[in-house]
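All of the numbers you see were taken from the coordinates with simple rules; none came from a lab. This one's a predicted model, so the numbers in the text were calculated from it and none came from an experiment. A quick note on method: Cβ atoms are made from the backbone with ideal geometry, for glycine too, and the neighbour counts reach across all protein chains shown.
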Amino acid sequence: MDDSLSYAVILAVADAEGADPTDLSPLSDAIDPEALDLLLSKNESQVRFNYHGYTVTVDHRGVVNIESVNSKPSQGRKSVDAHRVMETAREGMSLVRSDGTFAFVNSAFANLFGYNRHELLGEHWTVLYHEGEAKRLEEDILPAVRETGYWSGETVRLTKHGEPRVTDHRLALTDEDVILCTATDITLDRTASGLDARDFDGMVDNMEESAFFTLDHEGYVTRWNEETGRLEGYEPCEILGEHVSKFFPDEDRDQGLPERLLETAKNQGRVTDEGWRVRNDGTQFWADMTMVASYDDAGTIRGFGTVISETSELSVSS
């Protein structure tokens with residue numbers, strides 16, 4: 001990615017406009033980009049010029065300030081300063097308009113999902129989700145944000161190349177009806193073989209010896225340990241973001257058993273079921289499965305911890 005000061009100017013103005021950088025007028029119409037980069041690399045000074053309706057100030061440290069020529073100075077600085085704070089953050093941050101499109105993404109956010117910033121600006125947030133997870137946000141999470149002003153939890157998103165990313169996800173509604181989103185990649189934490197029993201109070205003893213995985217609030221896999229991989233036959237990259245129903249025979253899925261178990265665990269705190277489960281290679285095995293619900297401090301369901309163990313040597317081919 002271009003890290004020159006001249007390109008930083010283009011990105012700053014594009015962010016303020018909510019536009020693709022390629023849609024802006026050429027920077028060379030306002031100033032020689034090469035001269036700008038060269039001047040500030042050799043002098044501890046700053047340069048001020050007008051570009052695309054903004055007064056731009058750039059200093060040798062790479063700090064870009066822009067102020068709309070047609071707005072009051074305080075209004076222009078307020079927007080730009082907010083973007084500067086977000087741009088320096090190490091965690092991924094974005095702003096989503098009321099129509100669901102990205103008005104701003106910082107470099108950390110774009111890099112997390114394998115995009116250049118301009119590729120996400122103006123795109124709808126659903127570009128980062130598989131259909132089931134997008135539906136959960138539309139129907140459950142976003143209404144909660146509108147009602148309470150805030151939400152936090154774990155979601156499974158997709159990179160530009162379709163790879164799953166488990167993120168610690170926080171949403172806050174601003175006074176301008178824009179949603180501030182922060183994202184931290186916790187995929188490695190959720191796929192590590194090590195297990196922290198504090199994640200789910202009341203789980204059975206000796207979890208280290210059991211296959212253990214976690215689900216988000218709709219039943220999509222967000223964590224996968226090595227023992228589960230050996231039992232079910234999936235690598236983490238194959239199963240993250242898939243629904244728990246994938247482990248059940250067709251007849252159980254047709255009868256809605258996975259959804260009933262999730263609903264029971266949500267309402268009663270936990271549920272245990274014994275029955276046939278399906279491996280990646282299609283073979284079935286008899287297993288005992290226990291789901292325990294996890295809630296945040298506000299009582300909102302965050303997801304489920306699940307322990308599964310084979311209770312018989314009996315197995316069949318599907």
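Assuming R0 = 41 Å, what is the FRET efficiency of THR22 and TRP286, from their Cβ-Cβ distance, to the nearest 0.05? Calculated transfer efficiency: 0.10. Label-to-label distance, GLU163 versus ARG146, with points set 7 angstrom from Cα along the beta-carbon direction: 3.5 nm.
Here ARG270 and GLU238 are evaluated by their C-beta separation; at R0 = 35 Å the FRET efficiency comes out at 0.80. Take the Cα of GLU119, step 7 Å toward its Cβ, do the same at ILE186, and the gap between the two points is 2.6 nm.
With a Förster radius of 45 Å applied to the C-beta separation of THR57 and TYR295, the computed FRET efficiency comes to 0.40.
Rg over Rh for the range 91-185 works out to 0.92, both radii taken from alpha-carbon positions and Rh defined as the Kirkwood radius. Counted by Cβ distance under 11 Å from ASP288, the other residues give a net charge of -2, where Lys and Arg count +1 and Asp and Glu count -1. Hey, what did the range 101-177 get for relative contact order, percent, Cα under 8 Å, at least 6 apart? Relative contact order of the range 101-177: 27 percent. Label positions at GLU34 and GLU176, each projected 7 Å from the Cα along the C-beta direction, are separated by 3.7 nm.
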